[in-house]
Amino acid sequence: MSTLAPTLTKSSGSIPISEDIQWPDVRQRIPSTSVNSNSNANMNDEQKQKELLEEKALLRKLDLRIVPWIFILYFLSVQDRANVGYAMTMNKQEGHDLATTANLSGRENNIGLGLFYVAYIAFEVPSNLIMARVNPCYWIARIMITWSIVTGCMATISQAWHFYFLRFLLGVFEAGFWPGIAYYTTLWYRPNEISSRIGVTYLAGPTSGAFGGLISAAIQLIDTKGNLYGWQWLFLISGVISVIFGVITIFYLPSKPETSKRFLTDEQLILIRQRLALTEEEHEQQEQQQQQRPNKSIFSKGDLLQVKTQLLDYKVWLFCVLYFTPVMAATSLGYFIPRIVQEMGTYDSIHVSLMSIPPYIFGGIMVYIVTRLSDHLEDRGWFIIGCSTAAFTGFAILSFAQPIAARYFGLMIVAGGTYPTVPLSMAWTANLREDAVGVASATGVVSSMGNFGALVCTFALYSGWTSDAPRYVGSNMINGGAMLLAGVCATILKLKLGSLNKQIDQTGRSRKYLL
């Protein structure tokens with residue numbers, strides 16, 4: 001985005017307009033003072049209709065190329081990360097699960113799960129800053145290939161320290177992937193178009209959970225084939241598939257609009273630059289950042305100042321809390337739905353895997369519906385408040401209802417309320433800043449802080465709180481209370497950003513905060 005010429009800024013007073021270029025309808029125009037004839041009015045209507053069709057065609061092209069691919073990549077990311085939960089229960093009756101074969105205690109399992117997030121949190125901001133400076137599709141591919149290799153190596157686990165080391169490496173190499181996808185989306189779409197795209201990508205989370213149950217159930221049937229346990233086959237197959245997609249990403253995923261000449265025509269390159277045109281204020285910010293990086297180094301003093309700016313901004317900290325709470329609840333679902341289902345009754349491992357599927361499916365459906373409505377209505381806050389309230393209600397039902405059917409219904413409500421809140425929060429965070437480094441640093445900081453929720457979940461809740469079993473009332477209600485806190489943060493942000501928008505109206509700036 002930094003390569004946009006000053007003549008493409010939205011608020012420029014004098015913009016040279018070529019006769020050969022058809023400016024899109026989103027561009028600010030100077031109204032004509034002359035009296036137009038009916039024929040001229042008809043021509044203007046036809047021109048606007050043509051521009052609208054061209055813009056729809058461009059969006060369709062972007063959606064068909066970018067969104068499905070990053071959906072697949074995130075699906076594989078969640079799958080590789082969550083496989084450990086299934087590995088702990090696969091073929092448990094035969095004593096062939098990961099915990100038994102590697103002699104892992106419940107505490108050692110939690111330490112391994114937590115070490116992933118320690119590394120993930122530590123390396124997330126640096127990873128996002130690097131992505132803002134290099135070809136983003138190459139960086140996404142690098143992340144994917146390296147974590148996939150580690151996933152395959154997890155098939156060799158035979159001792160606790162193997163488990164610790166590989167989980168930590170997985171966090172190091174996967175760091176920055178989710179906020180990096182959010183940043184990458186801002187390179188191609190307008191602020192009011194981001195939520196639905198990130199939402200479709202995040203659908204991969206519950207979809208992976210649903211398919212993870214099926215995959216786990218199927219792979220259990222080849223236990224001991226080739227002298228490998230079922231959980232070893234799971235890690236090997238997942239690792240190989242992810243490496244293949246990582247390599248393909250280098251050639252398939254477009255990098256940035258200004259460098260994607262093979263993917264976009266010249267007319268589409270002009271149109272997308274117009275759609276994402278910078279205001280004068282934003283262009284000045286990018287000019288200053290370029291001056292602070294005379295040697296084009298990966299990190300600069302300006303980057304560190306950007307991170308400092310985010311850390312001193314109270315809005316960023318509110319977004320950190322807003323993201324922390326649903327991440328904690330969503331991580332609980334991702335890792336512990338099989339355990340929660342198992343504690344509801346006396347089910348074998350295959351039935352547990354299959355009964356874990358419907359909550360993920362329902363959660364995915366709600367992600368798709370809610371994020372699309374959020375973009376259509378250009379609102380984030382009310383949807384987060386509604387989803388948070390629903391999630392709290394679901395956790396209460398899951399905790400205190402007696403019939404198994406009612407508790408399972410509560411689990412469905414939890415998934416439907418929790419999962420949409422995560423992409424909504426990240427999309428809202430990405431809309432907080434306009435310049436590339438600002439978006440990268442803000443999303444990196446919020447994602448890093450938010451993943452402390454996942455760390456708390458793995459160490460302190462469910463399997464980490466042994467006395468809370470079998471109903472896990474304490475763990476459920478901590479997550480439920482956290483979701484209510486997310487609703488409170490969304491309310492405060494909606495009020496604060498609304499107040500700032502009133503000030504922006506007085507200054508004449510063209511971009512305002514989404515509420």
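The values are calculated or read from the model by the stated rules, or taken from the named source; none is laboratory data. Being a predicted model, the structure only gives us computed values, none of them experimental. Every residue, glycine as well, gets a Cβ built from its backbone with ideal geometry; the counts of neighbours run over all protein chains shown. SASA here: full protein model, heavy atoms, side chains in, ligands and nucleic acids out. Shrake-Rupley method; radii C 1.70, N 1.55, O 1.52, S 1.80 Å.
Tallying residues that are assigned to a helix (DSSP H, G or I) and open to solvent by less than 10 Å² (accessible area, probe 1.4 Å) within segment 449-463 yields 6.
For segment 116-133, residues that are open to solvent by 10 Å² or more (accessible area, probe 1.4 Å) and touching a Lys or Arg at 6+ places or on another chain (Cβ under 9 Å) total 1. Contact map, segment 322-346: first residue in contact (Cβ under 8 Å) with a residue 40 or more places away in the chain, second residue part of a helix (DSSP H, G or I) and of a type in the set (S, T, N, Q), Cβ cut-off under 6 Å, separation 6 or more or different chains; pairs are Leu322/Ser425; Tyr323/Ser425; Pro326/Thr418; Pro326/Thr421; Ala329/Thr418; Ala329/Asn479; Ala330/Thr418; Ser332/Asn479.
Could you tell me which residue of segment 464-515 is modelled with the highest pLDDT, considering only residues that are in a loop (DSSP other than H, G, I, E, B) and closer than 26 Å to Leu398 by Cα? Give the steps one after another, and end with the answer.
If we filter segment 464-515 for residues that are in a loop (DSSP other than H, G, I, E, B), which is where we start, we get 465, 469-472, 508-515.
Okay, now just the ones that are also closer than 26 Å to Leu398 by Cα, so 465, 469-472.
Values: Trp465: 82, Ala469: 82, Pro470: 83, Arg471: 87, Tyr472: 90.
Filtering first and then ranking leaves Tyr472.
Could you grab me the full set of residues in segment 84-98 that are among the hydrophobic types (A, V, I, L, M, F, W, C) and under 14 Å from Arg167 (Cβ atoms)? Lay out the reasoning, then the answer.
To start, the set of residues in segment 84-98 that are among the hydrophobic types (A, V, I, L, M, F, W, C) comprises 84, 87-88, 90, 98.
If the condition is that a residue be among the hydrophobic types (A, V, I, L, M, F, W, C) and under 14 Å from Arg167 (Cβ atoms), then Val84, Ala87, Met88, Leu98 are the ones that fit.
Only one entry in Leu264, Leu278 is at pLDDT below 75, surrounded by 14 or more Cβ atoms within 10 Å (Cβ to Cβ) and not in a helix (DSSP H, G or I), namely Leu278.
Just one of the numbered conditions (1) surrounded by fewer than 23 Cβ atoms within 10 Å (Cβ to Cβ); (2) at pLDDT 90 or above; (3) assigned to a helix (DSSP H, G or I) is not true of Asp379: (3).
Can you tell me which of Thr507, Thr443, Thr466 is buried (at least 21 other Cβ atoms within 10 Å of the Cβ) and either within 17 Å of Trp382 (Cβ to Cβ) or not aromatic (Phe, Trp, Tyr) (or both)? Full working, then the answer.
Working: Thr507 fails: buried (at least 21 other Cβ atoms within 10 Å of the Cβ); Thr466 fails: buried (at least 21 other Cβ atoms within 10 Å of the Cβ).
From the options Thr507, Thr443, Thr466, the qualifying one is Thr443.
Between Ser399, Ser353, Ser349, Ser388, the distinction of being closer than 22 Å to Gly474 by Cβ, crowded, with 19+ Cβ neighbours inside 10 Å and of a type in the set (S, T, N, Q) belongs to Ser388 only. The residue that is modelled with the highest pLDDT, among those in segment 175-195 that are surrounded by 24 or more Cβ atoms within 10 Å (Cβ to Cβ) and in contact with an Asp or Glu (Cβ under 8 Å, 6 or more places away or on another chain), is Ala175. Scanning segment 47-73 for residues that are exposed (fewer than 13 other Cβ atoms within 10 Å of the Cβ), closer than 22 Å to Tyr184 by Cβ and of a type in the set (A, V, I, L, M, F, W, C) yields Ala57, Leu64. Look at segment 93-122: where a residue is in contact (Cβ under 8 Å) with a residue 12 or more places away in the chain and at negative phi and a partner is among the charged types (D, E, K, R) and outside any helix (DSSP H, G or I), sitting 6+ places away or on another chain with Cβ atoms under 8 Å, you get Gln93/Asp348; Glu94/Asp223; His96/Asp223. I'd like to check something: does segment 74-87 contain any residue that is surrounded by fewer than 23 Cβ atoms within 10 Å (Cβ to Cβ) and outside any helix (DSSP H, G or I)? Checked segment 74-87: no residue is surrounded by fewer than 23 Cβ atoms within 10 Å (Cβ to Cβ) and outside any helix (DSSP H, G or I). Do we have Arg372 as of a type in the set (D, E, K, R) and either open to solvent by less than 10 Å² (accessible area, probe 1.4 Å) or more than 18 Å from the chain's Cα centre (by Cα) (or both) here? No; evaluated as a whole, the condition is false for this residue.
Within segment 207-228, does at least one residue satisfy the condition of being among the basic types (Lys, Arg), free of Cβ contacts under 8 Å to residues at least 12 places away in the same chain and over 20 Å from Ala82 (Cβ atoms)?
Pass one, segment 207-228, residues among the basic types (Lys, Arg): 225.
Checking which are free of Cβ contacts under 8 Å to residues at least 12 places away in the same chain leaves us with 225.
Subsequent filtering for residues that are over 20 Å from Ala82 (Cβ atoms) retains 225.
Checked against the condition, which is being among the basic types (Lys, Arg), free of Cβ contacts under 8 Å to residues at least 12 places away in the same chain and over 20 Å from Ala82 (Cβ atoms), segment 207-228 yields at least one hit.
Pairs are defined by a Cβ separation below 8 Å, a sequence spacing of at least 6 or placement on different chains, a first member in segment 465-480 that is at positive phi, and a second member that is among the polar types (S, T, N, Q) and open to solvent by less than 20 Å² (accessible area, probe 1.4 Å); the pairs so defined are Tyr472/Ser399. Of all residues in segment 356-371, those that are part of a helix (DSSP H, G or I) have Cβ atoms under 9 Å from Cβ atoms of residues that are charged (D, E, K, R), 6 or more apart or on another chain, in Thr371/Arg197.
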